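Please read the structure below before turning to the comments.
The values are calculated or read from the model by the stated rules, or taken from the named source; none is laboratory data. Bear in mind that the values here come from a model prediction, so they are computed numbers and not experimental data. Here Cβ is always computed from backbone atoms with ideal geometry, including for glycine, and neighbour counts include all displayed protein chains.
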Amino acid sequence: MLHSPIQSASVRTPQRICEVSWFSDLCGEDTEFLSVRDPTLSTFEHCRSIALTADRLGFNNLLLPTSYMVGQEVIPFAGGVAPDLQQISLLTAIRCGELHPPMLARTLASLDHMLKGRLTINIINSDLPGYREEADFRYQRCAETIQILKQAWTSDRIEHDGPVYGKISLDTGPVKPFQQNGGPLLYFGGTSDGARDVCARYCDVFLMWPETEEMLFATIQDVSERAARYGRTIDFGLRIHLVVRETEAEARAWSNRLMSKFDPVRGAALKNASQSAWSLGVKRQNELRLEADMDGYVEPLLWTDIGKARSGAGGALVGSADQIVEKINRYMDMGIRAFIFSGYPLIEEAEYFARLVLPRLPTASMPVVQGRIPA
């Protein structure tokens, strides 16, 4: 039995429709057994196969993550696979600070043209590889990066003067994207006050990691109120894993199989290799797991053991197709409009989800209109 209904929050997209995305694990963590890494699954060919599968199955968008790990780097991968994709958008994770913002704007504009407007951006605010940076500095660098991107895509000139990037004065002719209605959508996730404020002020979709329904709704309310103070309304998204089968018993059996070769030492090593491993968001995911029952469930369907072997999103929905559809509908009623799902192995689980769940979700009539959730 699921929890009682939860009040809905104000969102930019009031229609009860959703953007349904899948995940191509460029960081080499696709697996058949948690904590067991298979090097053959970190190749360009395998990641391309995931992208082509998600495109064929009708997913709206595909998250391409970034991390300094074995695997593929986001922008070259996106450019390499773009000509092979028919309808799916690419949600490319971009870590602020890695590229000079005007050149980043130009790079992303070029990629947007390759995809004919099917580009969305996941802004990442984490430390640069090899560094531990002050949070306030990262938030300022992130804010300035977004300011410059928006000027580059929507104005005739970049005229910037900030403490991180100093004075920049450039014509924007070389950086215009395919999407002329503001450029690619900006997705952003974070737990701290600084991160939430950056998203509320500048971005389009606030991404959350798995938590209880009450915790998710509290976050939605908080970020909605922050956005309102800037005169804005934003949408909300959930990045979560899943295991879906015909019956709950089958789904739980597969989740048990995923854990059947789990080694806590290897799992911790894989988890800590990620740059997000020490973040406040991962800390919250770890704390949530401590509240779970003996089987790893913190509320109906929400299984947290998957977070023992990976950083980032540390929970999965596990259940029958009917249960998963009901749960997603509850999330939509709370105000969540974008979902980024994944399951292991990624190709096989995408097939299950596309057959059992995707046709039953109220998605937009077109997958993504110029990279945007219809408003």
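Figures for the structure shown
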| read-out | value |
| --- | --- |
| Restricting the stretch 34-92 to residues that are crowded, with 17+ Cβ neighbours inside 10 Å, among the hydroxyl-bearing types (Ser, Thr, Tyr) and assigned to a helix (DSSP H, G or I), the residue that is modelled with the highest pLDDT | Thr53 |
| Hits in the stretch 139-179 - residues which are of a type in the set (D, E, K, R), crowded, with 19+ Cβ neighbours inside 10 Å and out of contact with any Cys (no Cβ under 6 Å at 6 or more places or on another chain) | Glu144 |
| Among the candidates Ser255, Ser320, Ser260, Ser279, residue that is surrounded by fewer than 15 Cβ atoms within 10 Å (Cβ to Cβ), touching a residue at least 60 places away in the same chain (Cβ under 8 Å) and hydroxyl-bearing (Ser, Thr, Tyr) | Ser260 |
| Meets criteria (surrounded by fewer than 20 Cβ atoms within 10 Å (Cβ to Cβ), basic (Lys, Arg), more than 20 Å from Ser279 (Cβ to Cβ) and modelled with pLDDT of 95 or more) for Arg226 | no |
| Complete set of residues in the stretch 18-34 that are touching a helix residue (DSSP H, G or I) at 6+ places or on another chain (Cβ under 9 Å), of a type outside the set (Phe, Trp, Tyr) and closer than 15 Å to Gly58 by Cβ | Cys18, Val20, Ser21 |
| Extreme residue, surrounded by the most Cβ atoms within 10 Å (Cβ to Cβ), among residues of the stretch 180-190 that are in contact with a helix residue (DSSP H, G or I) (Cβ under 8 Å, 6 or more places away or on another chain) and not in a strand (DSSP E or B) | Pro184 |
| Scope the stretch 284-317; condition small (Gly, Ala, Ser) and surrounded by fewer than 21 Cβ atoms within 10 Å (Cβ to Cβ); matching residues | Ala292, Gly296 |
| Hits in the stretch 117-138 (condition: buried (at least 18 other Cβ atoms within 10 Å of the Cβ), without any contact (Cβ under 8 Å) to a residue 60 or more places away in the chain and among the small types (Gly, Ala, Ser)) | none |
| Breaking point among (1) touching a Leu at 6+ places or on another chain (Cβ under 9 Å); (2) within 26 Å of Val175 (Cβ to Cβ); (3) part of a helix (DSSP H, G or I); (4) touching a residue at least 40 places away in the same chain (Cβ under 8 Å), for Leu111 | (4) |
| Hits in the stretch 287-308 - residues which are hydrophobic (A, V, I, L, M, F, W, C) and either closer than 10 Å to Thr212 by Cα or in a loop (DSSP other than H, G, I, E, B) (or both) | Leu288, Ala292, Met294, Val298, Leu301, Leu302 |
| Cβ pairs under 8 Å, 6+ apart, first in the stretch 31-57 and under 20 Å from Leu85 (Cα atoms) and polar (S, T, N, Q), second surrounded by fewer than 17 Cβ atoms within 10 Å (Cβ to Cβ) and modelled with pLDDT under 95 | Ser42/Val70 |
| Scope the stretch 290-343; condition closer than 18 Å to Ala249 by Cα and in contact with a Gly (Cβ under 6 Å, 6 or more places away or on another chain); matching residues | Leu301, Leu302, Trp303, Thr304, Asp305 |
| Output for the stretch 121-132, where each listed residue is closer than 14 Å to Gly194 by Cα and in a loop (DSSP other than H, G, I, E, B) | Asn125, Ser126 |
| Test: residue in the stretch 221-229 that is in contact with a strand residue (DSSP E or B) (Cβ under 9 Å, 6 or more places away or on another chain), part of a helix (DSSP H, G or I) and closer than 21 Å to Ile340 by Cα | yes |
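Yes/no per residue for (1) part of a helix (DSSP H, G or I); (2) free of Cβ contacts under 8 Å to residues at least 12 places away in the same chain:
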{"site": "Gln140", "(1), (2)": "yes, no"}
{"site": "Ala143", "(1), (2)": "yes, no"}
{"site": "Leu149", "(1), (2)": "yes, no"}
{"site": "Trp153", "(1), (2)": "yes, no"}
{"site": "Ile158", "(1), (2)": "no, no"}
{"site": "Asp161", "(1), (2)": "no, yes"}
{"site": "Val164", "(1), (2)": "no, no"}
{"site": "Ser169", "(1), (2)": "no, no"}
{"site": "Phe178", "(1), (2)": "no, no"}
